[in-house]
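The values are calculated or read from the model by the stated rules, or taken from the named source; none is laboratory data. No experiment lies behind these values; they were computed from the predicted model shown. Glycine gets a Cβ as well: all are built from the backbone with ideal geometry, and neighbour counts include every protein chain shown. For the accessible areas, the whole protein counts, side chains as well, though only heavy atoms, and no ligand, DNA or RNA atoms are used. Shrake-Rupley method; radii C 1.70, N 1.55, O 1.52, S 1.80 Å.
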Amino acid sequence: MRITMIGSGYVGLVSGACFSDFGHDVICVDKDQSKIAALEAGRMPIFEPGLDQLVATNVAAGRLSFTTDLAAAVAGADAIFIAVGTPSRRGDGHADLSYVFAATEEIAAAVTGPTVVVTKSTVPVGTGDRVEQILREKRPDMAVAVVSNPEFLREGAAIGDFKRPDRIVIGTEDEHAMAVMRDVYRPLYLGESPIVFTSRRSSELIKYAANAFLATKITFINEIADLCEAVGADVRDVSRGIGLDNRIGKKFLHAGPGYGGSCFPKDTLALLKTAEDYQSPVQIVEAVVKVNDSRKRAMGRKVIQALGEDARGKTVALLGLTFKPNTDDMRDAPSLAIALALADAGVVVRAYDPEGAEAARQMMPDLVYCSDAYDAATGADAVVIVTEWDIFRALDLKRLKQVMAAPVMVDLRNVYRRDAIEGAGFAYTAVGR
Ligand code: NAD
């Protein structure tokens, strides 16, 4: 099959590379010339484990190519995926659909024959209807079906998630489009990934409901963590104790600094806007958004408290800046709110992240960026584990203590055992313990 992927970011590039690895012919389009130039030169514009190898193999096999020329890429495609960004609209929290509609207009101008347009971007209920309307108005001569196919991959584990998904959701009632989508995903039948065929609107809502549910689960355990601190319980034991119940499940029960990233914050907000538009409130998600926002600020206060009497003029080392390990994505990372709270309190922030420093520097130019954890900890009055990169899981505590001004650790990901850290002479603060 010939597949065109419009938008070559975290989702478009991984999806395109995986589709080509299944044997399809894929062209990835992006309007960002520097991204396409990098890809053509064999450099990845994002950090995602295994992606460079996957791209190189499929480029070499002649199944994967990159272009800024959308019109040429669209001509003759069996399926055209839209995987452009849908960030929060500035000011009101609605999903900003301008990139989706701009891409749709460009597709309309370029299609040369019957095809299927697939929205992989996360889009509010009814977006597919509008995409279809634009295509019908601009190209009444063309039979173009519009399908919703939301993506559930996780950054940092994106290739595995794409190739072995828990499920594939396809929203369309058009027989031909269904057949095309079956062909697109046929290689996954062998892995027995279930396909959920449903209406376009249900499919669009499934994505938001899934993210809102996961955000709720995280926020739930974070509030239970606060309660654990108040009553003298250990949230890790509580998580395990409830997570072993199959009805609850173990995943997404790790207490921490609050959810961030490129999806949960914007998708929970967008769901609330849809609920508002249709006068059907989702109060549980309203609470989740509120609790999570205040949690990020509370984590800043937790660090300041660990510094003792007067934080002003002290130095803190932040280990990990990205919203989770194994990505360079800084969008809505909890580190942003924590660093801001520290700066407001007059604290000097030294920071290290294995992959996210470049993106972080654009957003937080005032931090001191360091070459590793020990460099960051040099002269610091506290070291804070913000993101649980593997490299922070077995720090040389003796070396750390030697370079620090005061041996204080704030472990916002509960990576360490209290007795090990206190045994090494540190004051230790964790989450929910
Ligand atoms: P991204 O910002 O990394 O990539 C989007 C790309 O689209 C950018 O490179 C941009 O230049 C390009 N683009 C925008 N308009 C274009 C146009 N008209 N023509 C060509 N290229 C264009 O975004 P992302 O993280 O890949 O997310 C894409 C969508 O997938 C969003 O709706 C997001 O919510 C959803 N999603 C993201 C993830 C994730 O983990 N990042 C997971 C599931 C779903």
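Remarks
- When restricted to residues that are surrounded by fewer than 16 Cβ atoms within 10 Å (Cβ to Cβ), more than 9 Å from the ligand (Cβ to nearest atom) and not β-branched (Val, Ile, Thr), the stretch 104-125 contains 3.
- Entirely in the stretch 151-231, the helices (runs of 4 or more DSSP H) that have 2 or more residues that are more than 15 Å from the ligand (Cβ to nearest atom) and touching a Gly at 6+ places or on another chain (Cβ under 7 Å): 200-231
- Look at the stretch 191-216: where a residue is under 15 Å from residue 270 (Cα atoms) and a partner is within 13 Å of the ligand (Cβ to nearest atom) and part of a helix (DSSP H, G or I), sitting 6+ places away or on another chain with Cβ atoms under 6 Å, you get 208/267; 208/271; 211/264; 211/267; 212/268; 212/271; 215/264; 215/268.
- Restricting attention to the stretch 17-52, the residues that are more than 11 Å from the ligand (Cβ to nearest atom) and closer than 26 Å to residue 183 by Cβ total 13.
- Members of the stretch 250-261 that are open to solvent by less than 20 Å² (accessible area, probe 1.4 Å) and more than 15 Å from residue 413 (Cα to Cα): 261
- All helices (runs of 4 or more DSSP H) inside the stretch 345-433 with 2 or more residues being under 21 Å from residue 332 (Cβ atoms) and of a type outside the set (Lys, Arg): 357-363
- Here residue 222 qualifies as open to solvent by less than 20 Å² (accessible area, probe 1.4 Å), more than 16 Å from the chain's Cα centre (by Cα) and under 25 Å from residue 329 (Cβ atoms).
Residues are listed down the side, and each one gets a yes or a no for (1) surrounded by 19 or more Cβ atoms within 10 Å (Cβ to Cβ); (2) touching a residue at least 12 places away in the same chain (Cβ under 8 Å); (3) over 22 Å from the mean Cα position of the chain (by Cα):
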residue	(1), (2), (3)
275	no, no, yes
278	no, no, yes
290	no, no, no
304	yes, yes, yes
332	yes, yes, no
335	yes, yes, no
345	no, yes, yes
350	yes, yes, yes
356	yes, yes, no
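- Residue 216 surrounded by 13 or more Cβ atoms within 10 Å (Cβ to Cβ), of a type in the set (Val, Ile, Thr) and under 25 Å from the mean Cα position of the chain (by Cα): yes
- The C-beta contact set for the stretch 16-37 (first residue over 24 Å from residue 102 (Cα atoms), second residue open to solvent by 20 Å² or more (accessible area, probe 1.4 Å) and modelled with pLDDT under 95, distance under 6 angstrom, 6+ apart or interchain) comprises 22/187.
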